[in-house]
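The values are calculated or read from the model by the stated rules, or taken from the named source; none is laboratory data. These figures come from a predicted structure and were not determined experimentally. Ideal geometry is used to build each Cβ from the backbone, glycine not excepted, and the neighbour counts take in all protein chains shown.
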Amino acid sequence: MSPAAPSAPLVTSPAGGRWESQRSFDELGRSLRDVTFCVVDLETTGGSPTAGSMITEIGAVKVRGGEVLGEFQTLVNPQSQIPAFIAVLTGISNSMVADAPAIESALPAFLEFAAGTVLVAHNAPFDVGFLRHFAERQGRPWPAFEVVDTAKLARRVITRDDAPNCKLSSLARVFRSGTTPNHRALSDARATVDVLHGLMERIGALGVHTLEELQTFSSRVSAAQRRKRHLADGLPHSPGVYLFKDEHARVLYIGTSRDVRTRVRSYFTASETRSRMGEMVRLAATVQAIECATPLEAEVRELRLIAEHKPSYNRRSRFPEKVTFVKLTREPWPRLSLVKRVLDDDADYLGPFGSRKLAEKCLAALHDTFPVRQCSDRFGRTPSRSACVLAELGRCLSPCDGSVDQHTYAAVVRQLQETLLRRPDEVVDLVNERMATLAADQRFEEAGVHRDRLASFVRAAARTQRLTSLTRCAEVVAARREDDGRWAVHVVRYGRLAAAGVIPPGTDAVAYVEALRTSAETVTPAPGPVPAATAEETERLLRWLESPTVRLVDVDGEWTCPVRGAGRHLDGPLLARQDAGHHLEQR
């Protein structure tokens, strides 16, 4: 049974089928004193193997618990001339490597020496990059080495008061290495061993004692934050939602993960380095976890809990109620208006929009195309008023002064309704034509205004059509085989997640799905095109349902989108240009 949050009764799941998990290294933590490190250094003829540079020497030292277990050193024949300045720098000459083995022999010997260890190097991308390149060139599979970069680690620990920079020679002096780096592979590897031990001693005082913590260490995470690692104890290794709370049980932050315990631990071991999250962790006193049957259920729970608690450290999804719709009214002379909620009044709605500004752009695009009245006055079938300025400009059919009969006006409204619900081509074609004219006259700013209006309309129409397609289905039952081979099943009613579960091994699938449907939440449809959930929740469900590996078990209703709907314009050049312009503005 998937337990429900006290504040958010949500989804049920028949007995059985909890996601089994094995205690991981992240949970246990591999003590640094028990890890075998292989500290490696290379000498090369240049800076990049892809540019033809070759390895001339490999040096490595294997250590564990501060004790040297073995050393490896070999010159390597690059089978090419060593540049003079490299020979001067390293002291390795062409004559020295003439009888040395080629990399085809030296690399397998090194890989055998380093097998089962954690690789360490100073500026590891350089050394490991060379080794991987030649392994691939030889057709050798690269072992799944974990890598520690002492240069990267030093930049998080060493201050300018300690050393002017984080070069190996500078760090060797800081930590009083017994070996002076001299651009020979084994000497530099020995110096790197001393640097590694010196860095480990420093961060050990900050509460870093495992390999996992070493790999994710950041000086931005304080020792006080690290001491709160115990808050992750007892949390499940399963999909779910986690809630950070302060000492007064107020919710500070809500998140979700496929593995709750591993994710929460990362807030205390430096994988999470956002400054506001550091502030949140300092205030946190407890962490509550809500296990979920599937990752999708966890995502839905997260959205609902954020909307309920509105935690100050969540930036998104806190106010799903703050939306705007474009409404085509039902009255003798219909008009378009902006409204905050959908009523059961048989009117047509477009949205929701995340901001009123976007809704206004969409409204402007529609008014540019359809000359329906824009006044908010109410009048009967035979109004007798003076025409407004828009009528004089030809932008309104002016029913107020009798300039248009009801049948002609109704025909325009039907075209507008068709555009909103099924086929946006009229708006798209007209605005594109207007943009082309303006661009030809080099009135690019005005063309940009129309482009933004059209983009707002197309996105809103596509969103409405997608949401409506699922909202009008009384029930959709779907399943997908997860990575562990089991089937995750979800029941969606009127666009809202009503139940989630995972079929246990050896269980009758048909009986399980039927039990899940029987125990699912009762959902009543919302008015109009609005789903019985937030738009964001329904969109999450749609993304899952539309993924290629999902299989539909049963559909009660018609889950369809218009063939010539707005969605086909989303990937067009119009929106691509607008998105590109937006990204350039942000740079």
Quiz item: Within the range 160-204, how many residues are free of Cβ contacts under 8 Å to residues at least 24 places away in the same chain, hydroxyl-bearing (Ser, Thr, Tyr) and out of contact with any helix residue (DSSP H, G or I) (no Cβ under 7 Å at 6 or more places or on another chain)?
Solution: 2
Quiz item: Can ARG33 be described as part of a loop (DSSP other than H, G, I, E, B), basic (Lys, Arg) and modelled with pLDDT under 95?
Solution: no
Quiz item: Could we say that ASP429 is over 27 Å from GLY448 (Cα atoms) and either of a type outside the set (A, V, I, L, M, F, W, C) or in contact with a helix residue (DSSP H, G or I) (Cβ under 7 Å, 6 or more places away or on another chain) (or both) here?
Solution: no
Self-check item: helices (runs of 4 or more DSSP H) fully within the range 368-475 counting 3 or more residues that are charged (D, E, K, R)
Solution: 425-440, 444-471
Quiz item: For LEU516, which of the numbered conditions (1) in contact with a helix residue (DSSP H, G or I) (Cβ under 7 Å, 6 or more places away or on another chain); (2) part of a helix (DSSP H, G or I); (3) at pLDDT 90 or above fails to hold?
Solution: (1)
Quiz item: Which one of ARG463, ARG414 is more than 30 Å from GLU514 (Cβ to Cβ) and modelled with pLDDT of 85 or more?
Solution: ARG414
Self-check item: So ASP483, is it under 33 Å from the mean Cα position of the chain (by Cα), closer than 22 Å to GLU360 by Cβ and surrounded by fewer than 22 Cβ atoms within 10 Å (Cβ to Cβ)
Solution: no
Quiz prompt | Matching residues in the range 500-513 - criterion: being more than 22 Å from ARG466 (Cβ to Cβ) and outside any helix (DSSP H, G or I) | solution = GLY501, VAL502, ILE503, PRO504, PRO505, GLY506, THR507, ASP508
Quiz item: When you go through ALA293, ALA365, ALA359 one by one, which is the residue that is crowded, with 18+ Cβ neighbours inside 10 Å, out of contact with any Pro (no Cβ under 7 Å at 6 or more places or on another chain) and in a loop (DSSP other than H, G, I, E, B)?
Solution: ALA293
Quiz prompt | Tally, over the range 519-535, of residues that are outside any loop (DSSP other than H, G, I, E, B) and buried (at least 19 other Cβ atoms within 10 Å of the Cβ) | solution = 1
Quiz item: Which of the residues that make up the range 76-91 are on the phi > 0 side of the Ramachandran plot and among the small types (Gly, Ala, Ser)?
Solution: GLY91
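Looking only at the range 74-99, which residues are buried (at least 16 other Cβ atoms within 10 Å of the Cβ) and either touching a residue at least 40 places away in the same chain (Cβ under 8 Å) or touching a Cys at 6+ places or on another chain (Cβ under 6 Å) (or both)?
Correct list: ILE86, THR90, ILE92, VAL97.
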Practice problem: Could you list all residues from the range 442-477 that are surrounded by fewer than 16 Cβ atoms within 10 Å (Cβ to Cβ) and not assigned by TED's automatic domain parsing to the domain that holds ALA359? | Solution: ALA474
Quiz item: Any idea which residue in the range 253-276 is modelled with the lowest pLDDT, counting only those that are closer than 15 Å to LEU231 by Cα and part of a helix (DSSP H, G or I)?
Solution: SER266
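I'd like to know if the range 78-93 contains one or more residues that are in a loop (DSSP other than H, G, I, E, B), of a type in the set (Val, Ile, Thr) and assigned by TED's automatic domain parsing to the domain that holds LEU171.
Of the range 78-93, the ones in a loop (DSSP other than H, G, I, E, B) are 78-83, 91-93.
With of a type in the set (Val, Ile, Thr) added as a condition, the list becomes 82, 92.
Narrowing the set further to residues that are assigned by TED's automatic domain parsing to the domain that holds LEU171 leaves 82, 92.
Yes, because at least one residue in the range 78-93 is in a loop (DSSP other than H, G, I, E, B), of a type in the set (Val, Ile, Thr) and assigned by TED's automatic domain parsing to the domain that holds LEU171.
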